[in-house]
Amino acid sequence: MQALQLFGDRDLRLTEVEAPPPPGPGEVRVRVRAVGLNFIDVWGFRGMAFAKRRLPLTVGAEAAGEIAELGEGVEGLEAGDKVALYGAMTCGRCRACTEGRDNLCEDVGGVMGFHIDGFAREFVTMPARLVVKVPDAVSLTDAACAGIAFGTVQHMLFDNAKLEPGESILVHAGGSGIGTAAIRMAKAIGCTVYTTVGDDEKGAKAAALGADHVVNYRTERFEGEVRRLTKRKGVDVVFEHVGPDTWNGSLLCLKRGGRLVTCGSTSGVSTTMNLMQLFQQQYRITGSFGCRLANIAESLDKMADGIRPVVDTVYPLADFAQGLERLESRKVFGKILVSF
Ligand SMILES: [Zn+2]
């Protein structure tokens with residue numbers, strides 16, 4: 001079968017590999033149909049070294065497909081069912097796993113497509129407990145945005161930031177895959193959404209998605225604008241994933257007692273912050289990585305209700321690298337996928 005493998009820094013090749021073994025007890029074999037691209041793929045693509053990683057590595061951390069074959073003892077699934085795939089090899093036995101806090105697994109075997117072989121291949125055999133059935137109304141390309149983009153946003157906004165209807169939120173990079181999802185999910189519960197974008201064309205698209213206030217961070221200081229628009233009160237929640245470039249401005253946008261939730265740092269890894277401000281303003285800052293399995297099911301239900309992912313481009317599998325370059329270029333609005 002075909003797989004897309006990373007051989008080294010920016011060296012992706014479509015290769016022939018052996019098909020995975022038939023599913024054992026509790027496992028399923030999935031025919032992969034669509035893979036979502038994320039910044040985690042860009043880090044891998046750039047050749048960052050990770051202790052657990054061995055090359056060549058099949059890429060793809062977020063995917064959906066159809067059940068091709070069931071192993072012994074698998075219930076609730078049938079051949080042909082559409083499924084979204086969980087992108088981390090959790091143990092399924094530790095306390096975090098049994099309590100449904102899958103992304104805090106104490107014995108995780110790695111992130112697919114990053115530490116261990118991922119989903120950009122025709123077939124994958126994996127534990128049935130890590131696949132989530134997709135509602136009929138949701139397409140496989142949309143479902144391929146559930147494992148990371150929608151799942152991460154669902155976990156950030158509702159498990160971590162505990163966003164409530166009617167609150168205000170600043171969503172950074174409103175044109176990104178997760179930014180577009182955050183705008184839609186926050187608007188769906190009646191929040192007031194402020195968002196930052198890098199150009200006016202993206203600004204118009206973010207407004208069309210429902211963002212109430214759009215700030216072009218290249219032409220205006222976003223923290224000044226958000227404070228002006230909120231009459232110096234600030235917002236309840238900031239959705240961060242930019243990092244050093246926006247971190248201190250994000251804190252200035254928060255209300256006293258406001259919550260900042262972050263899942264990324266695309267502009268670098270370190271920053272400094274004012275600790276006096278942190279405790280005097282009683283900020284709550286939460287780091288978020290990946291999601292729980294339940295967040296994937298919640299995301300798919302939201303898609304079935306019409307909160308669909310914004311799709312920028314769908315490439316054929318062989319053009320995965322072109323998709324990553326587009327993601328890196330920041331010219332994107334919404335999700336980039338490969339479909340096969
Ligand atoms: Zn575990």
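So is ARG227 among the charged types (D, E, K, R), on the phi > 0 side of the Ramachandran plot and at pLDDT 95 or above or not?
So ARG227 fails the test.
Within region 236-248, identify whether any single residue is of a type in the set (Gly, Ala, Ser) and not assigned by TED's automatic domain parsing to the domain that holds ASN38, and answer yes or no.
yes
Could you please find all residues in region 61-84 being small (Gly, Ala, Ser) and not in a strand (DSSP E or B)? Working first, answer last.
Initial filter on region 61-84 (small (Gly, Ala, Ser)): 61, 63-65, 68, 71, 73, 76, 79-80, 84.
ALA61, GLY71, GLY73, GLY76, ALA79, GLY80, listed by residue number.
Among the residues of region 320-334, how many are of a type outside the set (Gly, Ala, Ser) and under 14 Å from LYS202 (Cα atoms)?
Selection size over region 320-334: 4.
Could you grab me the full set of residues in region 312-331 that are surrounded by fewer than 20 Cβ atoms within 10 Å (Cβ to Cβ) and not small (Gly, Ala, Ser)?
THR313, VAL314, TYR315, PRO316, ASP319, GLN322, GLU325, ARG326, GLU328, ARG330, LYS331, listed by residue number.
Mind listing whichever residues of region 52-98 are free of Cβ contacts under 8 Å to residues at least 24 places away in the same chain and within 16 Å of the ligand (Cβ to nearest atom)?
Matches in region 52-98: CYS91, ARG93, CYS94, ARG95, ALA96, CYS97, THR98.
Can you find a residue that is under 20 Å from PHE150 (Cβ atoms) and surrounded by fewer than 18 Cβ atoms within 10 Å (Cβ to Cβ) anywhere in region 209-224?
yes
Please specify each residue of region 130-145 satisfying the condition of being over 13 Å from VAL30 (Cα atoms) and of a type in the set (D, E, K, R).
Of everything in region 130-145, those that are over 13 Å from VAL30 (Cα atoms) and of a type in the set (D, E, K, R) turn out to be ASP136, ASP142.
Determine if region 22-44 includes at least one residue that is surrounded by 15 or more Cβ atoms within 10 Å (Cβ to Cβ), among the aromatic types (Phe, Trp, Tyr), away from the ligand (no atom under 16 Å from the Cβ) and over 16 Å from the mean Cα position of the chain (by Cα).
no
Which of the residues that make up region 101-122 are within 12 Å of the ligand (Cβ to nearest atom), touching a residue at least 24 places away in the same chain (Cβ under 8 Å) and in contact with a strand residue (DSSP E or B) (Cβ under 9 Å, 6 or more places away or on another chain)?
Listed by number, the residues that qualify are ASP102, ASN103.
The values are calculated or read from the model by the stated rules, or taken from the named source; none is laboratory data. All values derive from a computational prediction rather than experimental measurement. Note that we place each Cβ from the backbone using ideal geometry, even for glycine, and neighbour counts take in every protein chain shown.
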